[in-house]
Structures are given as structure tokens and as C-alpha cells.
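Undergrad: Here it is, the structure, as C-alpha cells.
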Amino acid sequence: MSVRRVLTLGGELLVVLVVVSLVAGQMLGYPVLLSYVETGSMAPTMEPGDGFVAVPAPVAGEVEEGDVVTFRAEEIQGGGLTTHRIVDETDRGYITRGDANPFTDQDGNEPPVKDEQIVAHALQVGGSVVVLPNFGTAVVAVQGAIGGAQRWLASTFGTRSLLGTQGLTYLLLVLSVLGYLFDLITSDGRDRKRARSRSRDDGVSTQLVMAGLALLVMSTATAAMVLPAGTQQFGVVSAEFESEDPTVIPTGESSTLDYDVPNAGLVPVHVYLEPGSDGVAVDRRHVYVGSRGTGTVGLTLTAPAETGYYRYFLTEHRYLAVLPASVLDGLYRIHPWVPIVVIDVVLGVPFYLLGISLVGTGRIRTRSRDRPSRLRRLWARFG
């Protein structure tokens, strides 16, 4: 394989990686691998539109003072993802501030940030954030162009199926077909000199095709496990009076309520529940939920001795029931992400091997002949 070919494939792989990370981030609701800032609150570290490498919180490890993190804010700009620096730690959570701001977020209305709210860390080398200049500006421009094209097509053809992620899939498919047809029509006579000739680089490897399909299966399985999971937040009021509301609890007392764990998929799942803060307890931490079923656990919330409003967290981890429960328990004890990796391998590798056994390990080639194709003859006649 030539150096030019290697560089071309490397560039294509980089583009695919960027697109996949951005789409995955949009689906999950938090950045994956790459992200960017939209405001100037982190200047001069990051200007509006600058990007950064986002390391998922479970991989990045413990939070330290000076880290730049992306967290789910409750009050900042109406709530949502915010990227600011950790400047202090208290018993109730972390104190955060944008580098350009003269005051902390907690000097305003934002409560101290809990570990459960942090979704990613900005990669730092030597104490400095790795910045991708204008990455976000380019992403926003591309998203705007694609969104405009989708809206125009949806209006032209009178269908909403061309909007959103589904419409983006259709758009990419059409562009791929048009690109192939354009290449087929505009190919010059040099292709004829290589008619019926073959080389090691001709065609597409069936192994590569099956690997791509296996990755698709694995990514689908990952989405089925990750998307419905996550951290749930409960607002508890520690009060000096009784209330029918189960989240308004007399100081120092507890309230138990039913917590539903639904499974909208056809494949049964194992769900692990982990209290994310003090004052939260469940009667079962491991729940098996069948196809299109719902499991219920008892959730106990205990109010602090002092009155006030408190935020409690409960984290769900979901896994497709393709492994024995005992094996899943052992993997989960290692790290909550380990079962996902193993399940993906269990699903993807057999799929790949089965595909190779059926289609072989050759290459998918297109044959060129000395005489023009029917498509080219029609183009020459009517074009």
C-alpha cells in the first residue's frame, strides 16, 4: 500500500472518528472524545468556539482542584452542560468558576457540584488544557449547513422524516450514491487501460466490510445499554413538619417510595443501582428486568438533621442479559464499564466470524471492461 493511500485512509479515519464522537455525544447528552465551548467564560484558556479533548469522568478518575470539567449545571444559563474549572472543594460539593469570571458559580444560584454531575474532564498536559482552536466554530457551521439542507429537503418533499438523526442518515446515503455515480460517469480512459487487471489494492476487503458491520452491532448494543442508564436526581426537602409528598421529609427521618426500572427493549437487562450520595438506599442493588418489562425497587431517602433543600443521586448501570449473572457480577466489581466491553466483544466477534465463514476472506471488486458501461452509453447519448 502506497504512502499516499495510507495518508488518505488515515485522514478518512480521522474524519469518521470526529463525526462518530460528535454524533455519540449528541445521543448520550454529554461530550465523547471531543467538545467545545460556546461562551467566553473560560477565556483566555478557551475562547468562544474553541474545542477540547473530553475525557469521560469514569476514565479520568478523581476530580482535583484546578481541573477543567464539564458538568450538568442546574442554574447556569437555565441549566445544562457547562465547562468550568474546579477552584475549591467543600463538604457539599465542588466550587466552580469560569476563568474569565470574577466570581464563582456558587456565588450565584448554582449549588455546589457533585461528582455525579461531572460527565467529562478537559484533557490537560503539564497543567494546561489541550485546546483545538476554532473547532467548535467549524462544527457549528457544518451543523448549520446540514440543518438548513435538511429543513429545505423536508419542506420540498413534505416529510419530517428528513429531519433529525434519521434525516441525516438519509442525506449521507444519498450523497454517497451521488458521489459513486459521479465517479462512475466522469472516469476517463485511463480506467480502460487497466481493464480486467487486478492488484493487491483493488476492491474492498470482505474482512473490512464484516468488521464494519460488527462494529455497527457493537455500537447498537452499547447504545442500548448506555442511553437508558445514567444518574437520577431527587430533590429532598428536610422539613420540620409532616407532608404527603414523599420527598418532603421531617428532619432526621426517612421516606420510602417505589422506584421503577423500565426496559423498553426486547432483550432482557441486568440493572445495577448505586446510591450516589448519603441519605440514599435501595432494597435491591441488582435488578433483572425482562423483555418490555418493568422492575420495582424500594428507594429510601433520609433527610439530614438540618432543614433545607438537598439533592440526592442514584446511578443506574444497564447491561444486556447475554452473560450469566455470576459472570456479570464479577465484571461489574472490576469496573462498571468492563461488562459493556465484554458484552460488545461477545456480540461482535461471533458476528464477524460468522460473516467471514459465509462470505470468505476475499475482496469485493468492481470489474471494468473495454467497452463503456450501459450507464456511460446512456450518459453519452442523452448527456
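The values are calculated or read from the model by the stated rules, or taken from the named source; none is laboratory data. The model shown is predicted, which means the values in this text are computed figures rather than measured ones. Cβ: placed from backbone, ideal geometry, glycine included. Neighbour counts: every protein chain shown.
Undergrad: Looking at this structure, is residue 45 at pLDDT 90 or above, loosely packed, with under 12 Cβ neighbours inside 10 Å and hydroxyl-bearing (Ser, Thr, Tyr)?
TA: It is false that residue 45 is at pLDDT 90 or above, loosely packed, with under 12 Cβ neighbours inside 10 Å and hydroxyl-bearing (Ser, Thr, Tyr).
Undergrad: Select from the range 125-139 the residues that are buried (at least 16 other Cβ atoms within 10 Å of the Cβ) and closer than 20 Å to residue 94 by Cα and list them in ascending order.
TA: 129
Undergrad: What number of residues within the range 214-246 are crowded, with 16+ Cβ neighbours inside 10 Å and assigned to a loop (DSSP other than H, G, I, E, B)?
TA: 2
Undergrad: Okay, moving on. How many residues does the range 340-352 hold that are closer than 17 Å to residue 58 by Cα and either assigned by TED's automatic domain parsing to the domain that holds residue 268 or touching a residue at least 24 places away in the same chain (Cβ under 8 Å) (or both)?
TA: Of the residues in that region, 1 qualify.
Undergrad: Could you say whether any residue in the range 89-105 is within 21 Å of residue 139 (Cα to Cα) and assigned to a strand (DSSP E or B)?
TA: no
Undergrad: Let me ask something else about it. Contact list please: Cβ distance under 6 Å, first residue in the range 298-322 and closer than 16 Å to residue 117 by Cβ, second residue aromatic (Phe, Trp, Tyr) and surrounded by fewer than 20 Cβ atoms within 10 Å (Cβ to Cβ), pairs at least six apart or on different chains.
TA: 312/234
Undergrad: Let me ask something additional. Restricting attention to the range 103-134, which residues are touching a residue at least 12 places away in the same chain (Cβ under 8 Å) and of a type in the set (D, E, K, R)?
TA: Across the range 103-134, the qualifying residues are 105, 110, 114, 115, 116.
Undergrad: Scan (1) assigned to a strand (DSSP E or B); (2) among the hydrophobic types (A, V, I, L, M, F, W, C); (3) not assigned by TED's automatic domain parsing to the domain that holds residue 45 for the single condition residue 152 breaks and write down its number.
TA: (1)
Undergrad: Going by the conditions given, is residue 63 outside any helix (DSSP H, G or I) and within 23 Å of the chain's Cα centre (by Cα)?
TA: So residue 63 fits the description; yes.
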